Structure formats: structure tokens, C-alpha cells
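The values are calculated or read from the model by the stated rules, or taken from the named source; none is laboratory data. Here the structure is a predicted model, which means the values were calculated and not measured. Heads up, the Cβs are rebuilt from the backbone with ideal geometry, glycines too, and the neighbour counts pull from every protein chain shown. We work out accessible area using only protein heavy atoms, side chains counted, and drop any ligands, DNA or RNA first. Shrake-Rupley method; radii C 1.70, N 1.55, O 1.52, S 1.80 Å.
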Amino acid sequence: MTESSQTALNRAGIQSSFDVNALRAQFPILKKRVRGNPFVYLDNAATTQKPQSVIDVLNQYYTDQNANIHRGIHYLSEQATEAYEDARSRISKFINVPSERQIIFVRGTTEGINLIAQTFGRQRVRSGDEILISTLEHHSNIVPWQLLAEAQGANIKVIPIDDRGVLDLDAYGKLLNDRTRIVALSHVSNAIGTVSPIAEMCREAHQRDIPVIVDGAQSAPHMKVDMQALDCDFFVFSGHKIFGPTGTGVLYGKDKWLRDMPPYEGGGGMIQSVTFEKTRFLEYPARFEAGTPHIAGSIGFAAALDFVEEIGMEKIAAYEHGILQYATEQFSQIDGLKILGTAPEKAAVLSFILDDVHPHDISTFLDQDGIAIRAGHHCAQPLMNRFGVAGTARASFSIYNTREEVDVLAASLRKIVRFFKR
Ligand code: PMP
């Protein structure tokens with residue numbers, strides 16, 4: 001870490017006991033130059049970059065271990081099965097799950113939520129029932145519930161937010177009623193960073209015996225998530241947003257639900273016996289893992305969590321919070337820039353608009369300086385509508401981002417302001 005960024009950290013009262021430059025050196029892609037500039041990657045909420053340790057594990061798997069799992073009675077198949085099941089076990093420990101069997105491998109958060117909606121949801125939701133979600137949701141925690149509601153004749157209800165982007169908990173309490181069969185909430189908003197009080201919301205839903213499904217796509221990478229402390233009924237997150245490979249993710253569920261849920265997909269690997277008349281299914285997790293899974297990816301996912309644990313989630317959260325604070329201060333000094341989402345509890349996401357400049361233009365201009373951000377509706381159109389905008393520009397931070405990068409971003413934004421003022 002350079003002296004200036006360490007000083008800034010100290011000023012913010014946050015000591016970084018890891019060396020951010022040493023950490024950056026573990027991410028080969030960060031050495032890239034983009035359009036002649038150092039690469040500034042601020043699109044971490046979309047996907048994070050991968051450390052060498054994860055890349056090595058993938059390489060190693062295909063170089064030395066590749067075989068199909070579970071079914072082969074030969075040396076490599078046994079090795080691959082062991083590595084895959086070991087990954088399941090490490091992931092279960094990472095989120096403090098009572099039994100590793102409660103971890104089901106999926107392709108990502110989207111598939112996990114669809115799985116729950118089409119199995120648990122179909123079992124549970126009937127005509128006239130209500131599914132309660134919030135204004136903050138990503139489309140992947142809206143559309144699967146709409147598909148279910150349409151199929152079952154149920155209704156979607158929505159928890160409102162205030163102008164800071166904080167959930168209205170009074171309204172939540174009032175929306176919970178005898179018809180509510182499922183509550184589905186994002187832990188952290190990808191579009192504006194709000195962290196919602198999930199443990200408290202679970203307690204309230206559970207008083208009425210309503211299960212809570214949590215979209216943890218943006219929380220698991222940035223804060224300690226503990227299934228026993230949150231006490232949610234299901235939790236889903238993606239590997240690629242926490243330094244792991246794309247196409248990986250996990251679904252955690254409570255035993256009392258998983259044991260009676262019907263399969264999502266049918267095929268190999270999930271059956272006990274098949275005849276043309278009747279198929280018997282395996283217990284979970286196998287029941288929900290039809291076909292050949294992303295074996296290497298899941299092993300890489302576990303390696304990514306090892307990487308996180310080596311640094312320590314608390315350290316990551318504190319460091320990212322420091323960056324967020326610093327960027328918020330810098331942004332407040334830019335003419336015409338307005339931040340959307342000012343919740344007191346926020347993850348390291350800064351969504352903003354800039355006077356009359358279209359978010360896509362902001363992104364295109366920043367790209368000329370080698371800066372990657374995201375622009376658009378962030379798969380959260382209802383949330384954008386709530387703020388009366390079609391979209392925003394969004395910088396989202398990770399542990400390898402530095403205050404110097406925030407300075408580069410702020411300088412580039414000032415250039416855009418000057419350009420459009422001419
Ligand atoms: N929920 C949230 C809050 C997200 O940020 C995302 C990814 N942008 C998803 C769900 C979907 O994740 P994936 O594309 O990995 O399935």
C-alpha cells in the first residue's frame with residue numbers, strides 16, 4: 001500500500017493490516033492496461049476478478065484430476081468425487097451450516113432461487129396466497145416468484161422503501177398476514193448497496209411460521225454470513241461474485257424443508273432406481289443435482305472461499321467500508337453528482353447520476369480512461385422506477401480496490417462534468 005492510501009485509511013480510523021498491493025499482485029488481470037491506462041476495475045458487483053490461487057486450482061483440476069464424479073469406480077473418479085464433496089464441506093463451514101448435506105450446488109443465485117420457487121414454492125403456494133418481496137430486489141428475486149404466482153394464482157406483495165433506499169419495516173410488519181406463504185429478500189441490494197436487517201425480518205416472519213428465502217449474492221462476498229445467526233430458511237449465493245468461477249453457486253436450506261421438496265430437474269445422479277413405471281429419488285443434496293455438475297467450478301469456488309478466509313471477512317468488510325466512505329466523500333465534491341441509496345447500512349456500492357449525462361455515456365467516457373463501471377438498470381427496474389430514473393452509473397468496490405483508484409475515478413468524472421458543461 002502506498003503511503004498516501006495508508007494515511008487516508010488511518011485518517012478514516014480504519015487500519016489495514018493487509019498490504020493491498022501484495023493482494024493486488026495475486027490477481028493477474030489487474031496488471032492489464034486498458035486503452036493505454038492502468039486498468040481500474042469497479043464492476044465487482046457484477047463479477048469479481050479471480051486470484052491466482054483459484055486459477056491454479058482450476059488448471060490443476062483439468063491437468064491432474066478430471067473425471068466424472070459419484071458414478072465412476074476408478075481412481076480419478078474417486079479423487080474428483082472427494083474434491084467435489086470436500087468443496088461442499090468447506091462452503092458449508094464458510095456460512096456456518098449445520099450439515100454439509102444442506103449445501104446444494106447450483107449454477108448461481110438465479111438458478112438457486114428458481115429451484116426454490118419451482119419446488120418448495122409450488123408445494124407451498126396456492127391460489128389467493130401471497131409472496132412477499134421488496135422494492136430492492138434484483139430481477140432474479142422477482143421474476144421466479146412472478147412465474148410461480150402466475151402458475152398458482154397467487155399474488156406478489158412488495159415492501160416499500162424510503163428515499164434513502166431503506167426498507168420500511170413497519171410496512172413489512174403490516175404486509176405479513178395469514179395469506180403470506182413466502183418472504184423472499186435480498187440481503188444486500190446490488191443496485192444501491194442497502195444492507196437489510198435479515199435476522200430481524202426472519203424473526204418477525206417466523207412468528208407467523210412464514211419461511212424466508214434470502215438472496216445473498218451481494219452479502220456473502222462482503223460480510224460474514226452465518227446461517228445459524230440469520231436463521232433464514234434458504235440462502236443462495238454465486239461463486240463468481242466472491243472470487244470464484246462463473247457458473248457456480250450454492251443453495252442452503254433448512255433440513256425441515258429440503259427433506260420433503262420434490263426434485264427440480266430429473267436425470268442422472270439424482271435417482272435411487274428407475275423403471276418406466278416409477279422413479280425413486282435420492283435424498284438431498286443429490287436429489288437436486290441432476291446431471292454432471294460444474295465439478296472444477298465448485299472446487300474453484302471453495303478455493304475462493306479459502307482465499308477470503310485467509311484475509312478474514314472482518315478485515316475485508318472494514319477495508320471496503322473505508323473505500324466506500326472515501327469514495328462517498330470524493331463524490332460529494334463533484335458538481336451535479338447525486339448518489340442514489342444513502343442507507344446508513346451500506347455495502348461498497350455507489351450508484352449515481354450526473355446531471356443530464358446518460359449513465360451509458362458516463363460509462364463510455366470512463367472506459368476511455370481504463371475505468372470499468374456499470375451503467376443501466378442493474379437488473380432492478382422496479383427499484384429504478386421507485387427513484388424515478390431509467391438507470392444509474394454504479395461503481396462497486398472489492399478488497400483489491402485502492403483510494404488511488406477512487407481518485408482516478410473522481411478525476412475522470414470531473415472531466416465528464418467539464419465536457420458536458422462546455
Ligand atoms: N441477486 C443479486 C442481488 C445480484 O446482484 C445478482 C447478480 N447481479 C443476482 C441475484 C444474480 O446472480 P447470478 O447472475 O450469479 O445468478
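On a full-extension model of 0.36 nm per residue, what is the gain between GLU314 and THR63, subtracting their alpha-carbon distance, rounded to one decimal in nm?
Details: separation 251, 0.36 × 251 = 90.36 nm, distance 3.47 nm.
Extra length from GLU314 to THR63 when fully extended: 86.9 nm.
Region 88-155 and region 308-361 have Cα centres lying 29 Å from one another. At q = 0.19 Å⁻¹ the log10 of I(q)/I(0) for region 303-422 amounts to -1.06, computed by Debye summation with a single uniform scatterer per C-alpha, solvent ignored.
Would you please put 340-353, 200-213 in order of how densely packed they are, using the mean number of other Cβ atoms within 10 angstrom per residue and starting with the highest? Walk me through the numbers on the way to the answer.
Values: 340-353: 21.9, 200-213: 17.4.
So the order, starting with the most tightly packed, is 340-353, 200-213.
Over region 180-331, what is the relative contact order in percent, taking alpha-carbon pairs closer than 8 angstrom and at least six residues apart? Before the final figure, lay out the partial values.
Values: 206 pairs, mean separation 28.0, N = 152.
So the answer I get is 18 percent.
Label positions at GLN146 and SER53, each projected 7 Å from the Cα along the C-beta direction, are separated by 4.1 nm. Along region 182-191 the Karplus relation, 6.51 cos²θ - 1.76 cosθ + 1.60 evaluated at θ = phi - 60°, assigns HN-Hα couplings of 8, 10, 10, 9, 7, 6, 9, 6, 5, 7 Hz to successive residues, with x for each Gly and Pro.
Kirkwood hydrodynamic radius for the chain: how many Å is it when counted over pairs of different Cα atoms? Let's see the in-between values first.
On the way: mean 1/r = 0.0443 Å⁻¹.
Across the chain, the inverse of the average 1/r is 22.6 Å.
Maximal additional length on extending the ALA411-ASP356 stretch stands at 18.0 nm, based on 0.36 nm per residue less the C-alpha distance. Give me the angle, in degrees from 0 to 90, between the Cα long axis of helix 359-368 and the longest principal axis of the Cα atoms of the chain, rounded to the nearest 10. Approximately 70 degrees, to the nearest ten. Would you work out what percent of the accessible area of region 55-309, with all protein chains in place, is carbon or sulfur (probe 1.4 Å)? Carbon-and-sulfur percentage of accessible area, whole number: 48. Considering only the other residues whose Cβ falls under 13 Å of the Cβ of TYR61, what net charge follows from Lys and Arg at +1 and Asp and Glu at -1? So the surrounding residues net to -4. Take the Cα of ASP226, step 7 Å along the line toward its Cβ, and report every residue of region 161-191 whose backbone nitrogen sits under 19 Å from that point. Answer for this model: 187-188.
Between HIS206 and GLN381, how high is the FRET efficiency from 1/(1 + (r/R0)^6) when r is the Cβ-Cβ distance and R₀ = 25 Å? Nearest 0.05. Please list the in-between numbers first.
Values: r = 31 Å, r/R0 = 1.22.
Here the calculated transfer efficiency is 0.25.
If you roll a 1.4 Å probe over the heavy atoms of the protein chains, what accessible area per residue do you get for region 271-422, in Å²?
Details: 6770 Å² over 152 residues.
For region 271-422, the per-residue accessible area is 45 Å².
The string of couplings for region 297-312 from the Karplus curve (6.51, -1.76, 1.60, θ = phi - 60°) is x, 5, 5, x, 4, 4, 5, 5, 5, 4, 4, 4, 5, 5, 7, x Hz, one whole number per residue in order, with x for Gly and Pro.
Once the Cα atoms are used to define both axes, helix 313-332 deviates from the longest principal axis of the chain by about 40 degrees. In plain terms, the bigger the Kirkwood radius, the slower the diffusion; for region 183-305, with that radius from Cα pairs, at 10 °C and 1.306 mPa s, Stokes-Einstein puts D at 99 µm²/s.
Any of LYS93/LYS224; LYS32/LYS315; LYS224/LYS256; LYS50/LYS241 with alpha carbons more than 18 Å apart? Name them for me. Mind showing how you got there, number by number?
Values: LYS93/LYS224 12 Å; LYS32/LYS315 26 Å; LYS224/LYS256 24 Å; LYS50/LYS241 10 Å.
Where the Cα-Cα span goes over 18 Å, the pairs concerned are LYS32/LYS315; LYS224/LYS256.
Taking every C-alpha pair closer than 8 Å and separated by at least 6 residues, the mean separation divided by the residue count of region 55-309 gives a relative contact order of 24 percent.
Can you compute the FRET efficiency between GLU404 and ASN155 using 1/(1 + (r/R0)^6), with r the Cβ-Cβ distance and R0 = 60 Å? Round to the nearest 0.05.
Working: r = 50 Å, r/R0 = 0.83.
According to the calculation, E is roughly 0.75.
Estimated from the Cβ-Cβ distance and a Förster radius of 25 angstrom, the FRET efficiency linking ARG33 and PHE420 is about 0.40.
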